[in-house]
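Chemist: Have a look at the structure that comes next, please.
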Amino acid sequence: ILSDVIHFRLAPRYSEAHQWRLVSLRSSTKMNRTSALVTPLLPSSCSVPTRRRYPGRANRYTKRLNLKPLTSRIVLLTRRRQLDQIVEEVEAAKKRYGRLNTIVMNSVLEACVHCGDVDLALRLFDEMAEPGGCGVDSITYAIILKGLGKARRIDEAFQMMESIEKGTALGNPKLSSALVYGLLDSLINAGDLRRANGLLARYGTLLLEQGGPSILIYNLLMKGYINSGSPQAAVVLLDEMLRLGLEPDRPTYNTLIHACIKCSDLDAAMKFLKEMKEKAEEYYDDSLRPDVITYTTLVKGFGDAKDLTSLQEVYLEMKLCDSLFIDRTAFTAVVDALLKCGSTSGALCVFGEILKRSGDDVELRPKPHLYMSMMRAFAVQGDYGMVRNLYLRLWPDSSGRISKAVQQEADNLLMEAALNSGQLDEALGILTSIVRRWKAIPWTTSGGMAAVRLEALLGFSKSILRPHILSKVIPGEPIESIMVPFEATRPLLGTLQLKNVVMRFYKEQAVPIVDDWGSCIGLLHREDCNNLDASLVSMMRSPPPCVSTTTSIGRVVDLVLEKKHKMVIVIHCCGNGYSSKAVGAFTRAQLYRLFEPEQKLLWWM
């Protein structure tokens, strides 16, 4: 019985009265000790007490857990370069949780640097470092130094390094080789080798603390020479490394292969590839074996050289390597290289393999860039069916954001494919939808050239760009011959309130505004009339579009069409300058009347 008492005294879940009741029952019924424990002995009005919860501690624990999804969300938006969305969600998180921790704010700083907004990163850095902030650490300084290096604000980066070295930096970070390497990498990526060498000269002692030069320094310098347009110098550095007793590692070989491709020396690149494989077998070191970066670099090089045979050999070697995982970047490089070599059938086979593998691995889903590359190749060949299939699968099957520029090019490529296949009516329908959706076509693009070709093939009978033909006037004549007198436009005084003349804008889209001396000072458009109690001068657009009386009709018509002006003011030329008093106006309504009744003027505007 005493042992039972001790046992139940140590159990905190039951009250003292209940514990003694259990002891008495167990002492009286020793025949079935287990049944006494199982039988419910508590009163019916009582329930089994649960662990006491402390609201304050639970909330803090919950908040700490909720910051991990926020950090993951920031990383995802950083890849998409959606900095505005990141700032909005971080501000909402601050209102919900209060002060965020350093890990979350470091991810926000990384997003700012990745998106190129270093000023915002510096402002957030100051907020973190000030009293009451979440604080800064060495990772924070590494991110800021990287951002300053990318922005070419080298003086500020060196000032921050000096403050860290003197111990006066906020947060008291320690000067480490990681900070130096981070700034060195930024300088090299920017192609500033002069300052990179200066950084090495300044902090070389710190980097050589372990008794010898680091191979990482040479790898970074090689990359710097490549970025600065001197890939031959990167190959020369290899001899210096070997003299110092440094053995090249995989990043070194990858950089050397990249330098050889930049020099168009593919034989030397293959030599380094062979050397990598031989050393890996000799030393039984898998870290020296070629990786996906090695093969992707070679694929791009053979694609630029249009060496289809070597390209196919490299791709076959990639597929036969069991330990090599071919990622989306490598597959995309293979398709692009095959298209450059003119092998559309090979590119289509690899593209099909990507789609097949993406069923099991979502990370392999092709980016919109790959769809556009395929569409460009088949549009030139006039394979309208293939281009249309790719066009329809672009939205549901691609991964990532489809920008407005990509959507426009996809529409233009669809029209170009229809035109090259001889389907003029289909191409005309696509062109009509393009004009209706995008309002304009850049003539310098392939889509613009296709539209010009389509217009030439269809002739004026089916052209949708006929409005540019003036049949009632001579384009070379001065605008003075067809302009409307300025008084006929019934200009309004700028000091008037909108509520006094509001009915005027139900009839006219734009009205000239004059000052007390009768000089035209602007145009007030119907869509800008948003305050009945405001004066007209506060809502007008100033200065108004103006031309001289000697300007040709064709030039004024082009101005109205290109800039979409609803009215152009005509002013009188006086000596070497222009008088401030307007003498006439030319409106879009007048332009409509210059064409034949059966012709339509830019109906999509």
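The values are calculated or read from the model by the stated rules, or taken from the named source; none is laboratory data. Everything numeric in this text was worked out from a predicted model, so none of it was measured. Using ideal geometry, Cβ is built from the backbone for each residue, glycine included, and neighbour counts are taken over all protein chains shown. These area figures cover heavy atoms from the full protein model, side chains too; ligands, DNA and RNA do not enter into them. Shrake-Rupley method; radii C 1.70, N 1.55, O 1.52, S 1.80 Å.
Chemist: According to a simple spin-label model (label point 7 Å from Cα along Cα-to-Cβ), what is the distance in nm between ALA305 and GLU130?
Modeler: 5.8 nm
Chemist: Quick one: if the Förster radius is 30 Å, what FRET efficiency do TRP443 and GLN423 give, using the C-beta to C-beta distance and rounding to 0.05?
Modeler: Numbers: r = 22 Å, r/R0 = 0.74.
With a Förster radius of 30 Å, E is 0.85.
Chemist: Moving to a separate point now. Rounded to the nearest 0.05, what FRET efficiency do GLU209 and GLU89 give with R0 = 45 Å and r taken as the Cβ-Cβ distance? Could you check? Don't jump to the answer; show the numbers that get you there.
Modeler: On the way: r = 42 Å, r/R0 = 0.93.
E between GLU209 and GLU89, to the nearest 0.05, is 0.60.
Chemist: If you don't mind, there's one more thing I want to ask. Residues in region 376-408 near a label at ARG79, defined as backbone nitrogen under 17 Å from the 7 Å Cα→Cβ point?
Modeler: Within reach of a label on ARG79, which here means backbone N under 17 Å from a point 7 Å along Cα→Cβ, region 376-408 contributes 397-403.
Chemist: Right, here's the next one. Of all the C-alpha pairs in region 305-403, what % are more than 22 Å from each other?
Modeler: Counting every Cα pair in region 305-403, those more than 22 Å apart make up 28 percent.
Chemist: Please give the solvent-accessible surface of LYS340 in Å², to the nearest 10, using a probe radius of 1.4 Å with every protein chain present.
Modeler: Probe radius 1.4 Å; accessible area of LYS340 about 100 Å².
Chemist: While we're looking at this one, here's another question. Order these peptides, 148-158, 552-562, by their mean beta-carbon neighbour count within 10 angstrom, highest first. Mind dumping the intermediate values first?
Modeler: Details: 148-158: 18.6, 552-562: 16.8.
Ranked from most to least packed, the peptides come out as 148-158, 552-562.
Chemist: Which order, highest average first, do 240-246, 374-380, 484-490 follow once you tally other Cβ atoms within 10 Å for each residue and take the mean per peptide? The partial results should precede the final answer.
Modeler: On the way: 240-246: 12.3, 374-380: 22.0, 484-490: 14.0.
Averaged packing, sorted descending, gives the order 374-380, 484-490, 240-246.
Chemist: Right, something else. Given labels modelled 7 Å from the Cα in the Cβ direction, how far is it in nm from LYS581 to ILE402?
Modeler: Taking the simple label geometry, LYS581 and ILE402 are separated by 5.9 nm.
Chemist: Report the extension gain between VAL380 and LEU355 in nm, rounded to one decimal, defined as 0.36 nm multiplied by the number of residues separating them, less their alpha carbon distance.
Modeler: 6.7 nm
Chemist: Counting only the backbone N, which residues of region 540-554 are under 13 Å from the spot 7 Å out from the Cα of VAL473 toward its beta-carbon?
Modeler: Zone members listed by number: 547-554.
Chemist: Tell me, in nm to one decimal, what length is gained between ARG96 and VAL502 on full extension, where the rule is 0.36 nm per residue of separation less the Cα-Cα distance? Write down the numbers at each step before the final one.
Modeler: Values: separation 406, 0.36 × 406 = 146.16 nm, distance 4.70 nm.
Separation in residues times 0.36 nm, less the Cα-Cα distance, equals 141.5 nm.
Chemist: So which of LYS68/LYS94; LYS472/LYS581; LYS223/LYS271; LYS150/LYS340 end up more than 21 Å apart, counting from Cα to Cα?
Modeler: Working: LYS68/LYS94 14 Å; LYS472/LYS581 29 Å; LYS223/LYS271 19 Å; LYS150/LYS340 32 Å.
Flagged as over cut-off: LYS472/LYS581; LYS150/LYS340.
Chemist: Right, here's the next one. What accessible surface, in Å², does a 1.4 Å probe find on ASP239, ignoring ligands, DNA and RNA and rounding to the nearest 10?
Modeler: 90 Å²
Chemist: Show me, bin by bin at 5 Å from 0, the whole-percent P(r) of region 106-227 based on Cα pairs.
Modeler: So the P(r) values, bin by bin, are 2, 11, 22, 24, 20, 13, 6, 2, 0.
Chemist: Also, quick follow-up: At a 10 angstrom cut-off on C-beta neighbours, averaged per residue, how do the peptides 184-194, 76-86, 294-304 rank from highest to lowest?
Modeler: Details: 184-194: 19.5, 76-86: 15.4, 294-304: 22.5.
In decreasing order of mean packing, 184-194, 76-86, 294-304 become 294-304, 184-194, 76-86.
Chemist: Report the gain in length on full extension from ASN389 to HIS572: 0.36 nm times residue separation, minus Cα-Cα distance, nm rounded to one decimal. Mind dumping the intermediate values first?
Modeler: Details: separation 183, 0.36 × 183 = 65.88 nm, distance 5.83 nm.
The ASN389-HIS572 span can extend by a further 60.1 nm.
Chemist: For the pair ASP515/LYS279, report the inter-label distance in nm, with labels modelled 7 Å from Cα in the Cβ direction.
Modeler: Between ASP515 and LYS279, the label points sit 7.7 nm apart.
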